Amino acid sequence: MSDEIKKGLLGIVVDETEVSKVMPEINSLTYRGYAAQDLCAKCKFEEVAYLILNGELPNKKQLKNFENQERKERKLSKTLIEDIKKFPKKAHPMDVARTVVSIMGLEDKDTKDNSHKANMLKVMRIFAKTPVALAAFYRSRKGKKIISPKKKLSFSENFFHMCFGKIPQKEIVKAFDVSLILYAEHSFNVSTFTARTITSSLSDIHGAITGAIASLKGPLHGGANEEVMHMINKIKKPENAFKWINNALDKKDVVMGFGHRVYKSGDSRVPTMREYFGKVAKIKKDKKFEKIYDIVEKVMIERKNIHPNVDYPTGPTYHLMGFDTDFFTPIFVISRITGWSAHIIEQYAANKLIRPLASYKGNQHRKVIQLNQR
Ligand code: CMC
């Protein structure tokens with residue numbers, strides 16, 4: 001047994017997966033063998049969700065059934081709606097996401113059943129209900145009336161409808177759909193590994209997804225899209241961007257939305273998301289954000305050779321779509337539920353308890369001295 005410590009499990013291969021493949025050497029990402037960019041161009045999010053969960057792209061009938069099931073499961077229990085209305089208005093929506101999935105676990109009649117059949121049913125319920133619960137909080141914290149989901153709307157259209165009471169033009173909905181496709185799955189990242197670790201003790205799917213959400217919240221992972229927007233807001237205008245980013249690098253600050261554990265010469269998801277960010281900015285007649293984006297990116301590459309990750313373009317895109325900044329990572333959640341679930345199911349199918357070792361560097365064996373003598 002090697003005593004070498006690989007902090008952060010750097011470079012360690014811990015298991016096999018059939019869900020996705022990250023290929024930094026050719027800057028590519030495939031879901032079940034299909035390039036993510038190709039899926040963005042030719043599919044809507046529901047097709048990709050089906051692919052990730054079932055291993056194959058659906059035919060028309062399979063897609064219709066999948067969509068019908070998702071739409072049927074959108075309704076929240078009265079208790080959950082009442083709970084959401086009582087949540088503190090200042091609660092972070094990621095904490096709300098974590099809490100509502102946990103509550104769904106209390107309500108689900110199959111929580112204790114970890115069979116494949118029950119897990120697929122639970123996945124569909126979590127997938128369908130989480131966006132509805134988040135949108136309900138989006139409105140209730142502003143003192144606005146909660147808007148019920150509509151069965152005739154697609155996953156993305158319905159999310160806009162429930163948050164804003166209206167659906168934007170189809171190019172905006174497509175950009176949102178593309179962001180969901182790009183966020184859906186990314187192999188053994190920290191939240192997915194968290195979900196697999198929880199599953200490895202044969203715990204249940206609600207617990208695994210609740211843990212994954214907590215992991216995604218952190219700014220080194222999904223929370224980065226929110227931080228990107230805070231950075232852009234601090235920069236304020238393009239004229240400030242060059243000085244701001246150089247100052248940040250002089251101070252050795254970590255710049256959010258840049259860098260990646262696996263991709264070292266660019267995140268394969270960025271070119272597609274950057275293109276859709278441009279489309280949304282054009283529709284919204286905004287030039288400021290793109291200018292700031294380009295200046296910061298140029299300096300990061302020139303000075304540090306560190307490239308943007310997917311959270312860099314999604315941040316300003318969601319802002320231009322009208323979402324509150326603290327809802328950016330919850331949007332990541334509603335998509336990544338698919339990837340997490342596929343990994344949880346894969347983990348159950350070939351489980352081995354995840355239990356690494358640690359090299360102990362604390363005190364050597366000591367004798368306990370009685371309290372009255374210490
Ligand atoms: N800004 C400034 N310096 C950076 C950055 C950054 N964003 N990323 C890496 N570096 C530097 C880092 O300081 C270190 O320098 P040195 O060797 O001089 O100490 C070097 O690059 C290697 O970085 P690392 O942190 O050891 O690399 P890692 O693989 O452990 O970290 C990371 C990857 C994503 C945690 C890191 O790049 C980071 O903190 N990025 C900002 C947060 C972020 O955008 N996260 C989103 C990740 S991808 C999408 C997602 O999961 O949501």
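The values are calculated or read from the model by the stated rules, or taken from the named source; none is laboratory data. Not measured: the values here are computed from a predicted model. Cβ coordinates were reconstructed from backbone atoms using ideal geometry, including for glycine residues, and neighbour counts include every protein chain displayed. Just the protein is used for accessible areas: all its heavy atoms, side chains included, with ligands, DNA and RNA removed. Shrake-Rupley method; radii C 1.70, N 1.55, O 1.52, S 1.80 Å.
Values computed for the structure shown
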{"read-out": "One residue from Val178, Val190, Val173 being closer than 24 Å to Gly315 by Cα and touching a Cys at 6+ places or on another chain (Cβ under 6 Å)", "value": "Val178"}
{"read-out": "Pairs with Cβ under 8 Å, 6+ apart, first in the range 245-260 and assigned by TED's automatic domain parsing to the domain that holds Pro316 and on the phi > 0 side of the Ramachandran plot, second near the ligand (Cβ under 6 Å from one of its atoms) and in a loop (DSSP other than H, G, I, E, B)", "value": "Gly257/Asn309; Gly259/Ile306; Gly259/Asn309"}
{"read-out": "From the options Ile295, Ile283, residue that is of a type outside the set (Asp, Glu), within 16 Å of the ligand (Cβ to nearest atom) and open to solvent by 40 Å² or more (accessible area, probe 1.4 Å)", "value": "Ile295"}
{"read-out": "Set Arg336, Arg269: member being assigned by TED's automatic domain parsing to the domain that holds Leu121, within 11 Å of the ligand (Cβ to nearest atom) and crowded, with 24+ Cβ neighbours inside 10 Å", "value": "Arg336"}
{"read-out": "Any hit, the range 286-305, residues being hydrophobic (A, V, I, L, M, F, W, C), touching a residue at least 40 places away in the same chain (Cβ under 8 Å), touching a strand residue (DSSP E or B) at 6+ places or on another chain (Cβ under 9 Å) and not assigned by TED's automatic domain parsing to the domain that holds Thr99", "value": "yes"}
{"read-out": "Residue within the range 39-47 that is over 23 Å from the mean Cα position of the chain (by Cα) and open to solvent by 20 Å² or more (accessible area, probe 1.4 Å) present", "value": "no"}
{"read-out": "Enumerated helices (runs of 4 or more DSSP H) restricted to the range 151-236, each holding at least 3 residues that are within 16 Å of the ligand (Cβ to nearest atom) and β-branched (Val, Ile, Thr)", "value": "190-200, 224-235"}
{"read-out": "Condition met for Val48 (among the β-branched types (Val, Ile, Thr), in contact with a Leu (Cβ under 9 Å, 6 or more places away or on another chain) and at pLDDT 95 or above)", "value": "yes"}
{"read-out": "Some residue of the range 344-367 being closer than 22 Å to Ala133 by Cβ and at pLDDT 95 or above", "value": "yes"}
